[in-house]
Amino acid sequence: MTPAPPIGTLLAEVTAAAAAAAIPHAGAGEKEEADQAAVDAMRDRLMSAEIDATIVIGEGEKDEAPMLAAGERLGRGGFALDIAVDPVEGTSLLAEDRDGALAIIGAAPAGAMFDPGPAFYMDKLVVGPNCAGHVDLDTPLEETIRIIARREGIRTDEVCVALLYRPRNADYLSAIRRAGAKCLLLDHGDVGPALLAALDEPAVHAVVGIGGTPEGVAVACALRGLGAEIQGRLAPQLPEERDEVREFFDDPAALLTGEDLVAPGPAWFAVSGITGGGGFHRVEADGDGWRTRSLAISHDGTGHSEWLDLRVVPAERPSRVR
């Protein structure tokens with residue numbers, strides 16, 4: 001019997017399968033079809049794994065179709081995990097064949113993962129290992145940028161801060177401009193830039209602003225393994241969301257650390273590039289299959305990350321490219 005792969009490698013296989021299923025839809029304007037293909041591939045690989053996984057952060061509402069919805073159980077049995085999935089982070093990017101579409105998954109032992117409930121939006125600050133423990137979400141951003149410059153050993157005008165280009169983040173954009181820092185404006189998705197901020201020799205030094213709560217929880221799994229930091233605060237945008245958040249959480253205004261989003265202890269994460277860009281390779285055709293590049297991140301006592309080249313043949317398990 002072939003032994004089960006380590007959890008980080010398994011998760012990389014899951015995202016590779018999703019990325020390979022999604023890439024044929026690149027540029028076709030088919031957001032729903034691409035997302036469904038990635039969901040189906042991710043679900044199939046998880047169902048065949050020797051784990052007992054519960055979806056905490058999933059894809060859509062649970063209905064008659066299998067959609068990796070919150071509360072679903074997956075796997076053949078084994079180690080109990082909480083799972084956060086986004087089979088296509090950046091469906092609009094994929095539909096238009098633009099850089100930045102990713103397949104992502106995070107995992108932690110059962111019961112460890114923050115349940116965002118009705119909270120769709122979170123105000124976030126992500127920094128890399130050099131700045132972890134030295135910044136605070138409540139500190140004015142201009143001062144935070146100066147702290148980042150000192151910790152990274154660079155000038156303030158060399159600091160690059162990423163944020164989603166939305167009206168709700170206008171004050172952050174103004175603060176970045178006042179500080180004289182560079183700004184990477186994101187059309188969609190802040191997971192990729194958050195990972196780039198956490199890697200060696202970062203092209204992005206911080207991610208700020210109001211984005212998705214589910215993405216914040218998922219990326220917290222990765223940042224633990226990379227020694228980086230995330231802080232957040234729920235930031236509901238609509239009156240009905242505010243009401244539901246107040247009912248769901250005892251303290252909806254609390255500052256959330258990485259250990260609030262994923263309880264102290266082990267965590268795992270994987271990401272595969274779909275359309276490429278930002279250090280994440282594009283899926284490439286390879287004979288009767290697809291060649292993918294995935295980043296697997298594990299924290300189980302110490303952090304470990306590894307880039308994996310995986311070949312995916314439809315209806316088969318991904319394998320290492322040699």
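Coordinate-derived values only; no laboratory data. Since this is a predicted model, take the numbers as computed values, not measurements. A quick note on method: Cβ atoms are made from the backbone with ideal geometry, for glycine too, and the neighbour counts reach across all protein chains shown.
Quick check on the exposure proxy: order 288, 187 from fewest to most C-beta atoms within 10 angstrom.
288, 187
Return one quarter of the surface area of the convex hull spanned by the alpha-carbon atoms of the chain, equal to its mean projected area, in nm².
Details: hull surface 65.4 nm².
Hull-based average projected area comes out at 16.4 nm².
If you take all C-alpha pairs in the range 121-261, what percent of them are over 26 Å apart? Summing the P(r) of the range 121-261 above 26 Å gives 18 percent of all pairs. Can you give the angle from 0 to 90° between the axis of helix 170-179 and the longest principal axis of the chain, with both taken from C-alpha atoms, to the nearest 10? Between helix and principal axis, roughly 60 degrees.
Principal semi-axes of the equivalent ellipsoid, √(5λ) from the alpha carbon gyration tensor of the range 217-265, are 25, 10, 8 Å from largest down. Here the Gaussian network model covers the chain, with springs between Cα atoms less than 10 Å apart; of 305, 294, 48, 48 fluctuates the most. I'd like the distance between the alpha-carbon centres of the range 182-203 and the range 219-251, rounded to an integer number of Å. Measuring centre to centre over Cα atoms gives 19 Å. Neighbour counting of Cβ atoms within 10 Å sorts the residues 308, 223, 68, fewest neighbours leading, into 308, 68, 223. Only helices enter the 222 nm calculation for the chain: every DSSP H run of n ≥ 4 contributes -39,500 (n - 2.57), and dividing by all residues gives -9000 deg cm²/dmol, rounded to 500.
Residues 213, 257, arranged from fewest to most other Cβ atoms within 10 angstrom of their Cβ, appear as 257, 213. Across the range 121-261, the relative contact order, built from alpha-carbon pairs under 8 Å that are at least six residues apart, equals 33 percent.
Helix 7-22 and the longest principal axis of the C-alpha atoms of the chain enclose an angle of approximately 80°.
With an a/c value of 1.5 or above and a/b not larger than b/c for the gyration tensor axes a ≥ b ≥ c computed over the alpha-carbon atoms, the range 178-229 is described as oblate.
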